[in-house]
There are 2 protein chains.
Amino acid sequence: MLRTLVAAGVIGLAGATVHAQDERYELSDDVAGTARQLAETALESDLAYEIVESLTTEVGPRLAGTPQEARAREWGVETLRELGFENVRVEEFALDLWTRGETIYEDVAIVSPYPQPVYATSLGGAGSTPEAGLEAEIVFFDSYDDLLTFDDASDALEGKLVYVNDRMVASRTGEGYGWANRKRRSGWVEAENRGAVGVIVRSVGTSSHRFAHTGMMGFPDERMPEIPVVAVSAPDADQIERIHESGEPIVMSLNTNAGWRGEVVSGNVIGEIPGREAPEEIVVIGGHLDSWDLGTGALDDGAGVAITMAAAKLIGDLDQHPRRTIRVVLFGAEEVGLVGARAYAAAREEDGTLDNHVIGSESDFGAREIWRFDSNVGEHALPVMDAMARELAFLGILRGDNEGGGGPDMIPLQYAGVPMARLAQNGEDYFNYHHTPDDTLDKIDEDELAQNVAAWAMFTYMAAELPVDFRPQDDEGTSEDEAN
Amino acid sequence: MLRTLVAAGVIGLAGATVHAQDERYELSDDVAGTARQLAETALESDLAYEIVESLTTEVGPRLAGTPQEARAREWGVETLRELGFENVRVEEFALDLWTRGETIYEDVAIVSPYPQPVYATSLGGAGSTPEAGLEAEIVFFDSYDDLLTFDDASDALEGKLVYVNDRMVASRTGEGYGWANRKRRSGWVEAENRGAVGVIVRSVGTSSHRFAHTGMMGFPDERMPEIPVVAVSAPDADQIERIHESGEPIVMSLNTNAGWRGEVVSGNVIGEIPGREAPEEIVVIGGHLDSWDLGTGALDDGAGVAITMAAAKLIGDLDQHPRRTIRVVLFGAEEVGLVGARAYAAAREEDGTLDNHVIGSESDFGAREIWRFDSNVGEHALPVMDAMARELAFLGILRGDNEGGGGPDMIPLQYAGVPMARLAQNGEDYFNYHHTPDDTLDKIDEDELAQNVAAWAMFTYMAAELPVDFRPQDDEGTSEDEAN
């Protein structure tokens, strides 16, 4: 059944063309039928779950630049080959390694007025304390904005620990993350400039449990922090807030050994389902292989790795491949600054294949169900995206807008002009687990994961099969400035 | 209004008597009205929340025998005095101190086949590893029963780490705890007897998060373990189970510094609402002041401390005290073996006031709503308990049986013949937090806590006001053997 549909679909489509912007584009029955059949197969398959189970069990945490990330690359090469991908390879790149120290634990405590341990973790890129640790009074800021507008002339932060308390708002789209993340990315600059000896922030994220949320800081002008910067769990932040509200000065102690360890090797792992008619044209999908060190990176981003590998594998199992090549990229070193994504785009710039990327999309927002299909393509191609959306609707997916990005690792490609699609996941509880020890396999619902694979298989197949140029034509605008 | 009801109630009750077992006992309108009014006041009050907030913030974790537990006693004395309790005092007792080491963190990891850190914690009473830590292969037991029936003659456990995987069943009554706890209490004996170098158990408890569950082990014949014994979180246990099922041998490393630190001082804190007519007769209620060191002991047992203190305080605020004395005992060193409870019973044996305890009950099962009222009293007093239950029903409380205990710290008193009542709480999610870092204030629902105080105020008032002897009469049996 599947075989017949595909063969017919190919013939039927050979002469398809894209109509003007406001026209309705109709998929041939054959393409629509194959896409639907791929989805039905995906919904019955547990391949993605098996992949993420394998990655998170047999590799576990895989911080960028560590031997664990190197093991993840070996795992990626082996798994892609086992699944029948072609041109499987690693593209290495150099990386400055940052680690937490010898263990995942760091000692943070309230010293006075009420001595007690605090669950905390260094933020990525943070400096360490002196070897014996440090003790200082905190200066409590309700919000990052209060820190920004704090009187510059004052020496009130000299020798102090800056504490920033912004709370993150949970949402289906994750849109509260950027705002809450400002303190994580830039709090240290404000603090260090004013003589503070360290920074403590309420964890970004929405977990109510006693987990601290790590994540990379920002480094404006490539400046690196010399001071320690830690996040404390929400219950600990509540505790600090309560004590602060009582009016008592709070002294805290930190003892961390975080720091930069020199240049190491990271890499992207690549595998392909070569195209039948236009193998040089590339639909690029993927996830990132590295994870933070605290959890096993099941949601971030083992799921994305598994979803895109499984979707491409199901397409590869069709009796004949789609017209274009499907390239799965398992990006390295995403968490520490999209280093693999930048290396991938630079390598394509160098080998002259950047323009061969017809459309891109990354899965990097957990494992919940896809609920919206966004795009960022030339206006002439919107009727095609709308037609894809009509096919995706049976999975409970809405048509979104044409303003979105394709995921973090797609940003360098998007800036280079590659069109993007986004299969938006429900992120309502993503930040309950993200970047914490609690990002583990048991948080994945197998049915929702399978719905993801179904949606990705449909989209990827259609994008690789339809002879459509998704790029803006000369008279069309783009939304690429929205990407970051 | 409150004042009038109470005054009338006292007069009305002076002549009340208990009728035969199968007769219906009617509370006077005055007693019933005062009880109801106390409940209405309690439902509007946030006193218990303020108390548990104060304890968990200003003291925080308070492991038995540590300076933190001593601070908790100071807090208890101050708070009881502030609330108007009389005869506030500390009764000290000696305690053997066990601690985890210098920090709350312990290094546990899978070494092979897939190296990764594991979230784990020592069980109370465990020994330590050699200073450099230890590495050994695990022998995987699906259940404690499998370990018990493991071939004795074999030396298969010599030099190995014993791993026990029993899962706990969640229930409203918490009845899955005892079964799952066997591995925690006695696993080490079986392992050490067979030459194992350590024990690792799947955490007792029902948390799906990455928290290990601590708790005291059992020490048959006062023997103490020389080997390390740790619990791993449920996601880590799942990981170990998956690797085990793949057939690969698993080597794990432990580095712990747990151990016994010598004799120290602990103590019980006592405060009273002296009785109006029979001050020598004592209704004893309370909770335990110590907690495990990983969380701040909000549910276990800051809530119990707060509920019983608040209930007694509300009764103390009545225009006149009930007939009997209400004694609130904040027990020390419960978690480490009911040491405070035993000391309290022994002291009463010594001062000859054991028989003055007319009924007892402890709150030590979290902060969720009371849903059932159990008793363990002489049969002649059952109509009185049934009458109390009819008053409690408006709070959504069922009448339970006459077989129960009065809570862990009541066990020594119950063995000594003191009648018991139990205000059973909904424990469906208690073991999601219990004995983990996640037992913190934010887990308490203020409305459910207030319902608890309402029920405790009603019960405690009625028990102290009604001139009933709850003890079995000569021809009646008891259920005291059920207590442990």
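The values are calculated or read from the model by the stated rules, or taken from the named source; none is laboratory data. For clarity, every value in this text was computed on a predicted model and none was experimentally measured. Positions of Cβ are generated from backbone atoms using ideal geometry, with glycine treated the same way; all protein chains shown enter the neighbour counts.
Determine which member of the set B:E369, B:E403, B:E350 is among the acidic types (D, E) and over 22 Å from B:E175 (Cβ atoms). Reasoning before the result, please.
Numbers: B:E369 fails: over 22 Å from B:E175 (Cβ atoms); B:E403 fails: over 22 Å from B:E175 (Cβ atoms).
From the options B:E369, B:E403, B:E350, the qualifying one is B:E350.
For region A:339-383, what are the residues that are out of contact with any Pro (no Cβ under 8 Å at 6 or more places or on another chain), crowded, with 22+ Cβ neighbours inside 10 Å and not aromatic (F, W, Y)?
A:V339, A:G340, A:A343, A:H357, A:S361, A:S363, A:G366, A:A367, A:R368, A:I370, listed by residue number.
Among A:L289, A:L254, A:L314, which is the only one that is out of contact with any strand residue (DSSP E or B) (no Cβ under 6 Å at 6 or more places or on another chain) and modelled with pLDDT of 95 or more?
On the way: A:L289 fails: out of contact with any strand residue (DSSP E or B) (no Cβ under 6 Å at 6 or more places or on another chain); A:L254 fails: out of contact with any strand residue (DSSP E or B) (no Cβ under 6 Å at 6 or more places or on another chain).
So the residue among A:L289, A:L254, A:L314 that is out of contact with any strand residue (DSSP E or B) (no Cβ under 6 Å at 6 or more places or on another chain) and modelled with pLDDT of 95 or more is A:L314.
Within region B:193-206, can one find any residue that is of a type outside the set (S, T, Y) and closer than 15 Å to B:D439 by Cα?
Yes, region B:193-206 has at least one match.
For A:A389, state whether it is free of Cβ contacts under 8 Å to residues at least 40 places away in the same chain and either in a loop (DSSP other than H, G, I, E, B) or under 30 Å from A:A170 (Cβ atoms) (or both).
So A:A389 fits the description; yes.
Restrict the check to region B:322-333 and report whether at least one residue is touching a residue at least 40 places away in the same chain (Cβ under 8 Å), within 26 Å of B:D429 (Cβ to Cβ) and among the polar types (S, T, N, Q). If you could, list the steps in order and put the result at the bottom.
Residues of region B:322-333 that are touching a residue at least 40 places away in the same chain (Cβ under 8 Å), as a first pass: B:322-333.
Retained after the next criterion (residues that are within 26 Å of B:D429 (Cβ to Cβ)): B:330-331.
Those left that are additionally among the polar types (S, T, N, Q): none.
Within region B:322-333 (the criterion being touching a residue at least 40 places away in the same chain (Cβ under 8 Å), within 26 Å of B:D429 (Cβ to Cβ) and among the polar types (S, T, N, Q)), the answer is no, since none of the residues qualifies.
Only residues that are away from chain B (no Cβ under 14 Å) and either among the aliphatic types (A, V, I, L, M) or within 23 Å of B:R210 (Cα to Cα) (or both): list them for region A:245-254, please.
A:V251
Is one or more of the residues making up region A:224-244 away from chain B (no Cβ under 14 Å), of a type outside the set (A, V, I, L, M) and closer than 30 Å to A:G174 by Cβ?
yes
Go through (1) at positive phi; (2) modelled with pLDDT of 95 or more and name the single condition A:G101 misses.
So A:G101 meets the others, but not (2).
List the residue pairs whose Cβ atoms are under 7 Å apart, where the first residue sits in region A:286-300 and is on the phi > 0 side of the Ramachandran plot, the second is among the charged types (D, E, K, R), and the two are 6 or more positions apart or on different chains.
Between residues of region A:286-300 that are on the phi > 0 side of the Ramachandran plot and residues that are among the charged types (D, E, K, R), the close pairs are A:G286/A:E362; A:G286/A:D409; A:G297/A:R62; A:G297/A:D439.
Which members of region A:224-240 meet the condition of being of a type outside the set (V, I, T) and in contact with a strand residue (DSSP E or B) (Cβ under 8 Å, 6 or more places away or on another chain)?
A:M224, A:P225, A:E226, A:P228, A:A231, A:S233, A:A234, A:D236, A:A237, A:Q239
Checking A:S207 against (1) within 13 Å of chain B (Cβ to nearest Cβ); (2) surrounded by fewer than 21 Cβ atoms within 10 Å (Cβ to Cβ); (3) at pLDDT below 95, which test does it fail?
(2)
I'd like the full set of residues that are touching a residue at least 60 places away in the same chain (Cβ under 8 Å) and either farther than 18 Å from A:E106 by Cα or among the aromatic types (F, W, Y) (or both), limited to region A:205-224.
Selection gives A:G205, A:T206, A:S207, A:S208, A:F211, A:F219, A:M224.
Does A:T440 meet the test of being within 14 Å of chain B (Cβ to nearest Cβ), among the β-branched types (V, I, T) and in contact with a strand residue (DSSP E or B) (Cβ under 9 Å, 6 or more places away or on another chain)?
Answer is no for this residue.
Each row is one residue, and each column tells you yes or no for (1) buried (at least 23 other Cβ atoms within 10 Å of the Cβ); (2) under 24 Å from the mean Cα position of the chain (by Cα).
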| position | (1), (2) |
| --- | --- |
| B:D46 | no, yes |
| B:P61 | yes, yes |
| B:E69 | yes, yes |
| B:E91 | no, yes |
| B:T99 | no, yes |
| B:T103 | no, no |
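Could you list, in sequence order, all residues of region A:400-439 that are in contact with a helix residue (DSSP H, G or I) (Cβ under 6 Å, 6 or more places away or on another chain), charged (D, E, K, R) and not in a loop (DSSP other than H, G, I, E, B)?
A:D409
Filter region A:255-264 down to the residues that are more than 13 Å from every other protein chain (Cβ to nearest Cβ) and not β-branched (V, I, T), then identify the one that is surrounded by the most Cβ atoms within 10 Å (Cβ to Cβ).
Across region A:255-264, the extreme among qualifying residues is A:A258.
Quick check, is B:A132 surrounded by fewer than 19 Cβ atoms within 10 Å (Cβ to Cβ) and among the aliphatic types (A, V, I, L, M)? Please lay out each step first, then the result.
Values: surrounded by fewer than 19 Cβ atoms within 10 Å (Cβ to Cβ): yes; among the aliphatic types (A, V, I, L, M): yes.
Against the criterion (surrounded by fewer than 19 Cβ atoms within 10 Å (Cβ to Cβ) and among the aliphatic types (A, V, I, L, M)), B:A132 qualifies.
Mind checking whether some residue in region B:400-419 is of a type in the set (F, W, Y) and surrounded by fewer than 22 Cβ atoms within 10 Å (Cβ to Cβ)?
yes
Conditions: (1) within 14 Å of chain B (Cβ to nearest Cβ); (2) more than 21 Å from A:P408 (Cα to Cα); (3) crowded, with 24+ Cβ neighbours inside 10 Å; (4) not aliphatic (A, V, I, L, M). A:T296 meets all but one. Number of the miss?
It fails just one condition, (2).
Name the one entry in A:T79, A:T56 that is under 23 Å from the mean Cα position of the chain (by Cα), within 14 Å of chain B (Cβ to nearest Cβ) and either modelled with pLDDT of 95 or more or buried (at least 20 other Cβ atoms within 10 Å of the Cβ) (or both). First the steps, then the outcome.
Working: A:T79 fails: within 14 Å of chain B (Cβ to nearest Cβ).
Just one listed residue meets the conditions, A:T56.
Just the residues that are more than 10 Å from chain A (Cβ to nearest Cβ) and either under 23 Å from the mean Cα position of the chain (by Cα) or closer than 17 Å to B:A120 by Cα (or both), please, taken from region B:210-223.
Here is the first cut: in region B:210-223, the residues more than 10 Å from chain A (Cβ to nearest Cβ) are B:212-223.
Result: B:A212, B:H213, B:T214, B:G215, B:M216, B:M217, B:G218, B:F219, B:P220, B:E222.
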